[in-house]
Amino acid sequence: MKTETDLAARQCNCLAIRQASRHVTQFYDQLLAPSGLRTTQFAILSRLQRGGPMTINELAAALVMDRTTLGRNILPLEREGLIEIGAGASDRRRREVRLSAAGAARLGAARRGWAQAQKRFDAVFGSERASALRDLLREVVASDFAAGELTA
């Protein structure tokens, strides 16, 4: 017999999304491991490659990540020379994060593992369902849950 707590847990959107996220992240991490990158690091480097240099705040917003969490994640990337943090091109007072040549090379090597993960996910989940899932999750990210007060 299910308790109210069990039912509430099964109905919790946040729990379901976080569990799915951890499950998929662990899978992608396995396939990215030969490159020496983890999923979060791959996402950071990919975003910098697509968007060019940006401030930590801009990068955090683009990745939907807390600034302090991003800060902890970029430290090893900087130590390994995969990113550079320096003065902005247009405003020397502005500190920007940019992809280094070594970072672009590592990202290129990691793309093989990423492509394998994508292919396997699509094979198991179905490419149409995977595409629909990505669209739905983008809608979740674009939603503004704090915009209005909910009344019971």
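Could you check segment 53-87 and list, in sequence order, the residues that are among the acidic types (Asp, Glu), within 23 Å of residue 139 (Cβ to Cβ) and assigned to a loop (DSSP other than H, G, I, E, B)?
Once the filter is applied, which keeps residues that are among the acidic types (Asp, Glu), within 23 Å of residue 139 (Cβ to Cβ) and assigned to a loop (DSSP other than H, G, I, E, B), segment 53-87 yields only 66.
Residue 68: open to solvent by less than 50 Å² (accessible area, probe 1.4 Å) and at pLDDT below 95, yes or no?
Spelling it out, it is not the case that residue 68 is open to solvent by less than 50 Å² (accessible area, probe 1.4 Å) and at pLDDT below 95.
Taking interchain pairs and intrachain pairs at least six residues apart, which have beta carbon atoms under 6 angstrom, with the first residue in segment 70-84 and within 11 Å of residue 98 (Cα to Cα) and the second among the charged types (D, E, K, R)?
If the second residue must be among the charged types (D, E, K, R), the pairs left are 82/106; 84/98.
Scan segment 25-47 for residues that are part of a helix (DSSP H, G or I) and either in contact with a Gly (Cβ under 7 Å, 6 or more places away or on another chain) or open to solvent by 90 Å² or more (accessible area, probe 1.4 Å) (or both) and jot them down.
Scanning segment 25-47 gives 26, 30, 31, 32, 34, 35, 45.
Return the only residue of 74, 85 being closer than 16 Å to residue 39 by Cα, touching a strand residue (DSSP E or B) at 6+ places or on another chain (Cβ under 8 Å) and open to solvent by less than 70 Å² (accessible area, probe 1.4 Å).
None of the other options fit; the residue is 74.
Identify, from the list 22, 98, 111, 50, the residue that is farther than 25 Å from residue 140 by Cβ, open to solvent by 70 Å² or more (accessible area, probe 1.4 Å) and either in a loop (DSSP other than H, G, I, E, B) or modelled with pLDDT of 95 or more (or both).
Of the residues listed, the single one that is farther than 25 Å from residue 140 by Cβ, open to solvent by 70 Å² or more (accessible area, probe 1.4 Å) and either in a loop (DSSP other than H, G, I, E, B) or modelled with pLDDT of 95 or more (or both) is 111.
The values are calculated or read from the model by the stated rules, or taken from the named source; none is laboratory data. Note that the structure is a prediction, hence the values are computed from the model and not measured. So basically every Cβ, Gly included, is an ideal-geometry build from the backbone, and we count neighbours across all protein chains shown. Surface areas here come from the heavy atoms of the whole protein model, side chains and all, with no ligands, DNA or RNA. Shrake-Rupley method; radii C 1.70, N 1.55, O 1.52, S 1.80 Å.
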